[in-house]
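The values are calculated or read from the model by the stated rules, or taken from the named source; none is laboratory data. The model shown is predicted, which means the values in this text are computed figures rather than measured ones. Every residue, glycine as well, gets a Cβ built from its backbone with ideal geometry; the counts of neighbours run over all protein chains shown.
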Amino acid sequence: MQSVSLGSWFGGDGDPQAPCDAAVVIPTVLRPALLTSLESVFRQDLDGRIQVLIGVDAPRPTPPALLGLIARRPANVSVLLLTLPYSTSVRHGGVHRATDGGSLRSILTFMAASRHVAYLDDDNAWERDHLSSLRAAIAGKAWAYSLRMLVDEASGEELGIDRWDSVGPDRGRFAARGGFVDPNCLMIDKLLALPTLGRWSQGPGMQSDRAFFDAIRRAAHGHVPRPTTRYSVRPDNDVFRGFIAEGVEF
C-alpha cells in the first residue's frame, strides 16, 4: 500500500485552533505567476492573522521557489498547502465540471479557519489594503467586493479600471442577468453563504463563478469603490481591450 502525504502546514503566530481574521483561498496548477500572487498576500496591511489555503489541482511536485517564499511569510500569516494525487476537474479527468480548480474553491472554503474568506487566482495580485478594506466593508454583511484594475499580463502595464464586467449587482454589461463580481474581488462570510459553496464547482469556465454570485447577490453586502485587485489580461482578451480602446461606459 502506497502512503501519500496530501498536505503541509506552515504555522504563524497564535493558536492554530483560534479563528483567523481572514482566509485566502488560492486554487492553482502551480503556474510561475503564483509567486507574485502569494507575495501580494504576504504584503497585506491587515491588522490581524491571515490564513492562506493553496490547493493544487493536479498531481505535481511543489516548486522549491514556492517553498522558499512560504518560508519567508510574515509572522501573522499561516499557510496550508494541499496537493491532491489527482485532479477534481474535468479539465484533467476529474469529476467536477469547474475547469478552473475543480472543487478546490469549495473544499478550501470549508477548510478555512476563518468565517471571512477571500479568493485569489494564481495569475492575479492584490494591493496592500485589499483584505483590510474588504474586512471593513463586510462588517455585519454577507459579502463585500472591490473593483479591479486590468493589467497587461506581459508588461504589467495598467490598462484601466474594469467598469464593464466585475462591477456589482445589476450593473455593467451583465446587468440584465443580475450583474457580476469576479472572485478575485470578493470576500464572503462563509457561514452566511454556507448553502451556496458547492456552486463554485458546478460549471465549466466562468459558469461556476456566475452561479455562485447569482446565489449571493441579493444578500446584504459592502462595497470598496476603488480597485484593490490587479487582474491580468492576456493578449488574446479582445473584449476588455476593445472596451478600453473605445472608452465604453455603462
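Quick one: is Gly160 farther than 26 Å from Gly102 by Cα, of a type in the set (Gly, Ala, Ser) and in contact with a helix residue (DSSP H, G or I) (Cβ under 9 Å, 6 or more places away or on another chain)? Against the criterion (farther than 26 Å from Gly102 by Cα, of a type in the set (Gly, Ala, Ser) and in contact with a helix residue (DSSP H, G or I) (Cβ under 9 Å, 6 or more places away or on another chain)), Gly160 qualifies. Of all residues in the stretch 170-205, exactly one satisfies the criterion of being under 15 Å from His223 (Cβ atoms) and aromatic (Phe, Trp, Tyr), namely Phe180. Checking the stretch 196-204 against the condition returns a match, with at least one residue being under 26 Å from Pro32 (Cβ atoms), in contact with a helix residue (DSSP H, G or I) (Cβ under 9 Å, 6 or more places away or on another chain), touching a residue at least 40 places away in the same chain (Cβ under 8 Å) and not hydroxyl-bearing (Ser, Thr, Tyr). Pull up the stretch 66-76, narrow it to residues that are under 21 Å from the mean Cα position of the chain (by Cα) and under 21 Å from Leu6 (Cβ atoms), then point me to the one that is surrounded by the fewest Cβ atoms within 10 Å (Cβ to Cβ). Checked the stretch 66-76; the qualifying residue surrounded by the fewest Cβ atoms within 10 Å (Cβ to Cβ) is Leu67. Checking each residue in the stretch 139-189 for being over 27 Å from Asp236 (Cα atoms) and surrounded by 24 or more Cβ atoms within 10 Å (Cβ to Cβ) picks out Trp143, Ala144, Met187, Ile188.
The condition of being part of a loop (DSSP other than H, G, I, E, B), surrounded by 17 or more Cβ atoms within 10 Å (Cβ to Cβ) and among the hydrophobic types (A, V, I, L, M, F, W, C) holds for only one of Leu53, Leu46, that being Leu46. The number of residues in the stretch 183-207 being touching a Phe, Trp or Tyr at 6+ places or on another chain (Cβ under 7 Å) and of a type in the set (D, E, K, R) comes to 2. Arg91 satisfies every condition listed in (1) part of a loop (DSSP other than H, G, I, E, B); (2) surrounded by fewer than 21 Cβ atoms within 10 Å (Cβ to Cβ); (3) modelled with pLDDT under 95 except (1).
What do you reckon, is Arg148 among the basic types (Lys, Arg), in contact (Cβ under 8 Å) with a residue 40 or more places away in the chain and closer than 11 Å to Pro227 by Cβ? So Arg148 passes the test. I'd like the full set of residues that are at pLDDT below 95, surrounded by 14 or more Cβ atoms within 10 Å (Cβ to Cβ) and outside any strand (DSSP E or B), limited to the stretch 218-239. Scanning the stretch 218-239 gives a single hit, Asn237.
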